[in-house]
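**Q** Before I ask anything, here is the structure I am working with.
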Amino acid sequence: MAKALAPPSAPSEPIVVNLRDALEERYLAYALSTIMGRALPDARDGLKPVHRRILYGMQVLRLDPATAFKKCAKIVGDVMGDFHPHGDQAIYDALVRLAQDFSSRYPLVDGQGNFGNIDGDPAAAYRYTEARLTPIAKLLLEGIDEDCVDFRDNYSGDKQEPIVLPAAYPNLLANGSQGIAVGMATSIPPHNLAELCDAALYLIAHPEAGAAQLITFVPGPDFPTGGIIVDSQSSIVEAYRTGRGSFRVRARWSQEDIGRSWAVVITEIPYGVQKSRLIEKLAELINEKKLPLVGDVRDESTEDVRVVIEPRSKAVQPALMMESLFRLTEFEARVPLNMNVLVDGVVPRVIGLPEALRQWLDHRRVVLQRRSLHRRAEIEHRLEVLSGMLIAFLNLDEVIRIIREEDEPKDELKAKFELTDVQANYILDTRLRSLRRLEEMQLRSDYDALSKERDALQKLLDDEGAQWKAITAQIRDVKRKYGADTVIGRRRTSFESMPEIHESALTEAMVEREPVTVVLSDKGWIRALKGHVTALETLVFKGDDKLRLSILTESTAKLLIFATTGKVFTIEASKLPGGRGVGEPLRIMVDMDEGGDVAAMLPYRVGERLLVIASDGRGFSASQDDLVGGTRKGKALMTLDGEARLALVLPANGDHVAVIGQNRKLLVFPIDQMAHMARGKGMRLQRYKDGGLSDAKVFHLAQGLTWRDTSGRTWTVAAAELRDWSANRAEAGRLPPKGFPKNNMFGS
């Protein structure tokens with residue numbers, strides 16, 4: 001019977017580890033691994049490790065642009081086995097993205113087979129697809145065998161992989177990069193290579209140049225899918241200066257006649273947007289009647305994008321219809337800019353456009369120096385060999401004799417002709433058939449040419465100006481290959497200013513216009529009933545709640561909500577809950593201050609004025625255009641003293657104002673005596689000894705002052721009879737005429 005294995009002995013003393021310290025140490029190690037080894041690109045070559053390993057793996061497989069394609073399964077397998085110890089699907093997904101001309105501005109992989117499409121369809125399995133490097137990818141690898149970059153051991157220690165690629169062009173900005181690390185992320189849109197070359201040349205000549213100067217050459221991103229950037233130049237400069245911001249990209253469209261009507265044709269969509277998902281979303285909005293100006297949409301795309309959108313009627317304005325589409329669909333998208341990269345391949349930091357180009361230029365100088373040193377070493381080795389061969393040629397008979405007769409020909413040759421080990425070995429390794437072709441003149445010619453090249457390299461290494469001159473020539477050569485006159489080099493994304501379309505017109509375009517009744521309950525629940533409903537007695541409320549305010553308006557209108565704390569909020573009627581339920585609390589739509597309540601609710605009307613009055617009798621007139629806002633926090637309208645509250649908001653439709661205080665004194669004065677302002681404390685309308693304001697009314701003096709008593713009867717005092725109460729603003733007034741209600745209110 002086999003003996004049971006004894007359990008491992010426990011340590012004599014337990015190891016005490018602080019849990020917090022252990023977790024911090026391990027999580028930091030994980031975070032650094034993710035940041036350095038996966039998510040953030042190197043500022044010098046613009047590549048993450050997986051992309052760098054794919055390109056180098058294809059270089060090892062000799063998949064040059066002129067060679068035959070090779071199965072992606074072979075590429076993925078070799079990269080995973082030699083360099084990248086992660087899942088094969090992750091490697092293949094990265095390979096596919098490098099080959100997609102709608103994802104990469106300058107594809108680094110030439111794919112053959114199904115590599116997906118702009119509709120979001122995935123690529124075929126890697127056993128069906130083939131790939132090789134593109135010419136522009138070879139520029140990233142140019143000189144990698146000339147000791148121009150450092151190498152390190154791969155994960156298994158049996159091979160070497162490059163830490164960074166030579167990168168003959170600024171790939172970080174040309175192709176961009178996206179990634180999410182631990183606690184940080186990166187998002188760099190692609191740019192035009194010819195423009196980047198111009199900016200780099202300018203930076204070489206003007207090392208202190210900033211984003212404002214470089215934007216002359218690089219006006220903004222250049223997306224592979226085209227589109228139109230509608231941001232201002234100042235915002236683009238600020239984004240490139242700080243390395244953070246975003247770009248507002250819109251689809252490119254044109255108007256086409258289709259018989260009796262017209263249609264809009266979309267030919268370019270924003271970068272990163274899936275066309276199929278975009279069309280599905282558009283169809284949903286049409287079915288839900290959220291795009292009342294759009295009648296139909298068709299996808300007529302083949303290899304190029306062509307989305308046809310027909311209006312509901314011929315009278316619709318194309319620009320207005322497109323503006324509504326930009327607001328509700330991904331025909332307009334924001335592409336973020338967060339240039340968080342590994343500076344010098346080590347430190348994660350957000351950098352601006354000038355530093356990004358400077359990182360690449362400094363890297364190119366290091367590459368130039370290392371390639372020059374490598375070439376100089378090769379030349380010196382060859383010169384050493386040629387020196388020995390010249391000696392052998394001049395003493396050929398003696399060399400042959402030594403080789404034939406001496407037991408140790410190498411030592412004898414070294415001693416006889418003062419040769420080095422390299423020279424002696426080369427002479428001994430030379431075939432006899434080669435000796436007959438040796439010519440002294442050819443050897444000397446080669447020696448002189450190599451000597452001149454070595455001197456030129458030394459001069460280059462000693463002169464920084466000469467190095468930058470050589471780099472300038474290299475950049476110009478890249479620009480010549482991928483300039484604006486080439487198919488791949490021409491700019492695809494253009495720039496335009498935002499069209500000037502009035503907000504009210506746009507709101508009407510995005511919402512189907514129909515009459516609604518907005519109802520606000522006593523406890524602050526709001527809803528919108530379809531149609532103009534005047535009989536609200538049967539309206540159901542929650543619990544013991546009841547009706548406070550109701551206004552007749554339209555679904556396209558904006559509502560101005562005035563709070564007793566002096567703020568005004570803007571709500572779109574189209575976004576209010578329907579009338580089938582009890583509505584929703586107003587406070588979840590606006591950030592009303594604690595203790596505040598609704599003082600008034602009015603539909604916004606362009607250009608009209610309102611009278612704003614506080615409970616202490618102060619007030620002013622304000623334009624509704626100054627009150628409209630777009631945030632939950634609203635706008636500060638009235639500055640209040642002590643316990644005063646915003647009490648009344650009245651349309652300023654008249655030429656006189658009547659105010660009555662709690663002391664039952666009535667005063668009438670011209671409305672022109674009131675200040676007109678956007679916000680403030682206002683001015684005194686009536687002087688009170690005790691109490692404050694009860695009510696106010698704006699009216700036309702020629703039509704007389706009217707009010708309604710508690711019995712529902714309407715009273716009117718003609719203009720001639722109002723002389724006793726007519727005075728200047730801020731006076732005390734007199735007791736009201738006979739028949740004025742005891743509650744001191746003018747009534748509706």
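The values are calculated or read from the model by the stated rules, or taken from the named source; none is laboratory data. A quick note: this is a predicted structure, and the numbers were derived from the prediction, not measured. We place every Cβ from the backbone using ideal geometry, glycine too, and count neighbours over all the protein chains shown.
**Q** Being within 23 Å of the chain's Cα centre (by Cα) and either at pLDDT below 95 or over 20 Å from PHE151 (Cβ atoms) (or both): is that true of ALA94 here?
**A** Spelling it out, ALA94 is indeed within 23 Å of the chain's Cα centre (by Cα) and either at pLDDT below 95 or over 20 Å from PHE151 (Cβ atoms) (or both).
**Q** Okay, moving on. Tell me which of these LYS665 doesn't satisfy, since it passes every other one: (1) surrounded by fewer than 18 Cβ atoms within 10 Å (Cβ to Cβ); (2) of a type outside the set (A, V, I, L, M, F, W, C); (3) over 22 Å from ASP626 (Cα atoms).
**A** Failing condition for LYS665: (1).
**Q** When segment 508-560 is examined, which residues are found to be of a type in the set (Lys, Arg) and closer than 20 Å to VAL590 by Cα?
**A** Across segment 508-560, the qualifying residues are LYS523, ARG527, ARG548, LYS558.
**Q** Quick one: count up the residues across segment 558-589 that are surrounded by fewer than 20 Cβ atoms within 10 Å (Cβ to Cβ), of a type in the set (Val, Ile, Thr) and more than 22 Å from MET674 (Cα to Cα).
**A** Here the count works out to 3.
**Q** Every residue in segment 136-180 that is surrounded by fewer than 22 Cβ atoms within 10 Å (Cβ to Cβ), in contact (Cβ under 8 Å) with a residue 40 or more places away in the chain and in contact with a Ser or Thr (Cβ under 7 Å, 6 or more places away or on another chain), please.
**A** Scanning segment 136-180 gives a single hit, GLY179.
**Q** Another question, if that's okay. Residues of segment 7-24 being closer than 30 Å to HIS84 by Cα and modelled with pLDDT of 80 or more, which ones?
**A** ALA22, LEU23
**Q** Has segment 343-360 got at least one residue that is surrounded by fewer than 16 Cβ atoms within 10 Å (Cβ to Cβ), charged (D, E, K, R) and either in a loop (DSSP other than H, G, I, E, B) or touching a His at 6+ places or on another chain (Cβ under 9 Å) (or both)?
**A** Yes, segment 343-360 contains a residue that is surrounded by fewer than 16 Cβ atoms within 10 Å (Cβ to Cβ), charged (D, E, K, R) and either in a loop (DSSP other than H, G, I, E, B) or touching a His at 6+ places or on another chain (Cβ under 9 Å) (or both).
**Q** Could you list, in sequence order, all residues of segment 332-357 that are under 19 Å from the mean Cα position of the chain (by Cα) and among the hydrophobic types (A, V, I, L, M, F, W, C)?
**A** Listed by number, the residues that qualify are ALA333, VAL335, LEU337, MET339, VAL341, VAL350, ILE351, LEU353, ALA356.
**Q** Looking only at strands (runs of 3 or more DSSP E) that fall completely inside segment 624-734, which ones have 3 or more residues that are closer than 30 Å to ILE588 by Cα and modelled with pLDDT of 90 or more?
**A** Details: elements: 646-651, 656-661, 666-670, 693-699, 705-708, 714-717.
Counting at least 3 such residues, we get 646-651.
**Q** Go through segment 83-199 and tell me which helices (runs of 4 or more DSSP H), entirely inside it, have 1 or more residues that are touching a Phe, Trp or Tyr at 6+ places or on another chain (Cβ under 9 Å), over 20 Å from VAL478 (Cβ atoms) and charged (D, E, K, R).
**A** Of the helices (runs of 4 or more DSSP H) lying wholly inside segment 83-199, those with at least 1 residues that are touching a Phe, Trp or Tyr at 6+ places or on another chain (Cβ under 9 Å), over 20 Å from VAL478 (Cβ atoms) and charged (D, E, K, R) span 88-99.
**Q** Inspect segment 486-499 for any residue being at pLDDT below 90, surrounded by fewer than 17 Cβ atoms within 10 Å (Cβ to Cβ) and either of a type in the set (Asp, Glu) or assigned to a strand (DSSP E or B) (or both) and give the result as yes or no.
**A** No, the conditions are met nowhere in segment 486-499.
**Q** Still on this structure: Does ARG371 satisfy the criteria of being surrounded by 18 or more Cβ atoms within 10 Å (Cβ to Cβ) and touching a Cys at 6+ places or on another chain (Cβ under 9 Å)?
**A** When the stated conditions are applied, ARG371 passes them.
**Q** Does SER313 satisfy the condition of being over 20 Å from the mean Cα position of the chain (by Cα), surrounded by fewer than 17 Cβ atoms within 10 Å (Cβ to Cβ) and not hydrophobic (A, V, I, L, M, F, W, C)?
**A** Yes.
**Q** Exactly one condition in (1) closer than 22 Å to ILE188 by Cβ; (2) without any contact (Cβ under 8 Å) to a residue 40 or more places away in the chain is not met by LEU95; state its number.
**A** Of (1) closer than 22 Å to ILE188 by Cβ; (2) without any contact (Cβ under 8 Å) to a residue 40 or more places away in the chain, only one is false for LEU95: (2).
**Q** Another question, if that's okay. Quick one: count up the residues across segment 243-263 that are β-branched (Val, Ile, Thr) and modelled with pLDDT of 95 or more.
**A** Let us first name the residues in segment 243-263 that are β-branched (Val, Ile, Thr), namely 249, 258.
Then keep just the ones that are modelled with pLDDT of 95 or more; that gives 249.
The qualifying residues number 1.
**Q** Of these, LYS697, LYS665, which one is under 30 Å from GLY634 (Cβ atoms) and in contact with a strand residue (DSSP E or B) (Cβ under 8 Å, 6 or more places away or on another chain)? Before the answer, list the steps.
**A** On the way: LYS665 fails: under 30 Å from GLY634 (Cβ atoms).
Matching residue, one of LYS697, LYS665: LYS697.
**Q** Checking LYS742 against (1) part of a loop (DSSP other than H, G, I, E, B); (2) modelled with pLDDT under 90; (3) closer than 13 Å to ALA658 by Cα: exactly one of these is not met. Which one?
**A** (3)
**Q** Kindly check whether there is at least one residue in segment 236-259 that is surrounded by 15 or more Cβ atoms within 10 Å (Cβ to Cβ), more than 27 Å from LEU353 (Cα to Cα) and touching a Phe, Trp or Tyr at 6+ places or on another chain (Cβ under 7 Å).
**A** There is no residue in segment 236-259 that is surrounded by 15 or more Cβ atoms within 10 Å (Cβ to Cβ), more than 27 Å from LEU353 (Cα to Cα) and touching a Phe, Trp or Tyr at 6+ places or on another chain (Cβ under 7 Å).
**Q** Go through segment 709-748 and give me each residue that's touching a strand residue (DSSP E or B) at 6+ places or on another chain (Cβ under 7 Å), of a type in the set (Gly, Ala, Ser) and farther than 21 Å from LEU648 by Cβ.
**A** GLY739
**Q** Moving to a separate point now. Every residue in segment 185-239 that is within 21 Å of VAL487 (Cβ to Cβ) and among the β-branched types (Val, Ile, Thr), please.
**A** Within segment 185-239, VAL218, THR225, ILE228 qualify.
**Q** Which members of segment 571-598 meet the condition of being within 20 Å of LYS290 (Cβ to Cβ) and assigned to a strand (DSSP E or B)?
**A** Residues of segment 571-598 within 20 Å of LYS290 (Cβ to Cβ): 571-580, 584, 589.
Within segment 571-598, ILE571, GLU572, GLY578, GLU584 meet the criteria.
**Q** Any idea which of (1) buried (at least 17 other Cβ atoms within 10 Å of the Cβ); (2) of a type in the set (Lys, Arg); (3) touching a strand residue (DSSP E or B) at 6+ places or on another chain (Cβ under 8 Å) is the one ARG97 doesn't satisfy?
**A** (3)
**Q** Filter segment 529-559 down to the residues that are under 13 Å from MET601 (Cα atoms), assigned to a strand (DSSP E or B) and touching a residue at least 40 places away in the same chain (Cβ under 8 Å), then identify the one that is nearest to the chain's Cα centre (by Cα).
**A** LYS558
**Q** Given the residues VAL297, VAL366, which is the only one that is out of contact with any Ser or Thr (no Cβ under 9 Å at 6 or more places or on another chain) and either within 30 Å of GLU208 (Cα to Cα) or assigned to a loop (DSSP other than H, G, I, E, B) (or both)?
**A** Going through VAL297, VAL366 in turn, the sole match is VAL366.
**Q** Moving to a separate point now. Are there any pairs, at least 6 apart or on different chains, whose C-beta atoms fall under 9 Å, with the first in segment 319-345 and touching a residue at least 60 places away in the same chain (Cβ under 8 Å) and among the basic types (Lys, Arg) and the second surrounded by fewer than 23 Cβ atoms within 10 Å (Cβ to Cβ) and not in a loop (DSSP other than H, G, I, E, B), and if so, which?
**A** Every condition considered, the pairs that remain are ARG327/LEU506; ARG327/MET510; ARG334/SER246; ARG334/ARG248.
**Q** Does MET601 satisfy the condition of being touching a residue at least 24 places away in the same chain (Cβ under 8 Å), surrounded by 15 or more Cβ atoms within 10 Å (Cβ to Cβ) and part of a loop (DSSP other than H, G, I, E, B)?
**A** When the stated conditions are applied, MET601 does not pass them.
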